[in-house]
1. Considering each of 133, 154, 176 in turn, give the residue that is more than 25 Å from residue 59 (Cα to Cα) and touching a Pro at 6+ places or on another chain (Cβ under 8 Å).
2. Taking residue 133 and the conditions (1) at pLDDT below 95; (2) surrounded by fewer than 18 Cβ atoms within 10 Å (Cβ to Cβ), which numbered condition does it fall short on, given that it satisfies the others?
3. Mind checking which pairs have a first residue in the stretch 231-256 that is more than 21 Å from residue 166 (Cβ to Cβ) and a second that is modelled with pLDDT of 95 or more and among the polar types (S, T, N, Q), Cβ under 9 Å, 6 or more apart or different chains?
4. Here are 219, 210: which of them is of a type in the set (S, T, N, Q), crowded, with 18+ Cβ neighbours inside 10 Å, modelled with pLDDT of 80 or more and under 23 Å from residue 14 (Cα atoms)?
5. Which ones in the stretch 82-98 are out of contact with any helix residue (DSSP H, G or I) (no Cβ under 7 Å at 6 or more places or on another chain) and outside any helix (DSSP H, G or I)?
6. Just the residues that are assigned to a loop (DSSP other than H, G, I, E, B) and within 15 Å of residue 75 (Cβ to Cβ), please, taken from the stretch 4-53.
7. Can you pull out the residues in the stretch 120-169 that are touching an Asp or Glu at 6+ places or on another chain (Cβ under 8 Å) and over 14 Å from residue 240 (Cα atoms)?
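The values are calculated or read from the model by the stated rules, or taken from the named source; none is laboratory data. All values reported here derive from a predicted model rather than from experimental measurement. With ideal geometry, Cβ positions are generated from the backbone for all residues, glycine too; neighbour counts draw on all protein chains shown.
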Amino acid sequence: MTKTVLITGCSSGVGKSAARHFAAQGWNVVATMRKPALDLANDYPDRILVLPLDVADPASIAAAVEAGIGRFGGLDVVVNNAGITMLSIFEATPDAAARRIFETNVFGMMNVIRATLPALRARGGTIVNITSGVGIAAVPLLSLYVASKQAAEGLSESLAYELESQNILVKLVESGAIRTTNFTASGMALSQEAPVPEGYKAYFDHALKTMIDYPFESTEEQSVVETVWAAATDPSHRLRYVIGPDVEEYARLRWSTSEDAYMAGMGRLVGQTAWREKAS
């Protein structure tokens, strides 16, 4: 029986590439996005079904799930890829922007999971939640994004225990900075809603320069897609799949060193050590 995957956030980047990758492996794909771009189905018209889905709108999720199952007969894997980011100083971030991030990255993920659990239960399926390296380690200027991804990490780990009783696996793909995606560009648009306060400008400029001069190579989009594929097809109870040299270092510091060593290491990586020296 041909397997079927539903993927959110397929308008571009990892979501779009993942849809093509699963189709190339012979899977049926329910490729969803807020504003459908039908070009995605051109290469695999019999395997890719493009549907509108807004993770913040439960009615649109239910309609997409029903249509996908109606077309392909069932659902084996769900990939929660939709997400937004924002570069800002927390104190200056409007409440509406903060809520938008959580509505997409946390509550949106919850909405999709709830809507697809009955279908996944019927086949003993798998949920793959794409988070980020900041789900492991926090960085400055991304406080709301970090908070949302760490919430998604905690949700996923708890669900991994609960859903085992339903014969459903939960996987986390923790990706670092990706080379070919417009994710950061879209986040910068939201960032315009939070001007930098005068008292933070020197620190903001310093932290931003540290991010731009980051010591790690960004990760190829295809490498992330292949990690998503590996997680989706892994029958084991492994939870985390780390991809990217930056995330590998975060994980090493977080899980293989003391708390003092972790804070010192992250302080160097995010430029906090240099800032303290400069400020003193």
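1. Unique residue meeting the criteria: 176.
2. Result: residue 133 fails condition (2) only.
3. Final answer for the pair search is 241/227; 242/227; 243/227.
4. Exactly one of 219, 210 is of a type in the set (S, T, N, Q), crowded, with 18+ Cβ neighbours inside 10 Å, modelled with pLDDT of 80 or more and under 23 Å from residue 14 (Cα atoms), namely 219.
5. Hit for the stretch 82-98 is 94, nothing else.
6. Scanning the stretch 4-53 gives 8, 27, 47, 53.
7. Selection gives 120, 123, 125.
The rows are residues; the columns are (1) of a type in the set (Phe, Trp, Tyr); (2) surrounded by 19 or more Cβ atoms within 10 Å (Cβ to Cβ); (3) farther than 24 Å from residue 17 by Cα.
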residue	(1), (2), (3)
43	no, no, no
85	no, yes, no
89	no, yes, yes
108	no, yes, no
113	no, yes, no
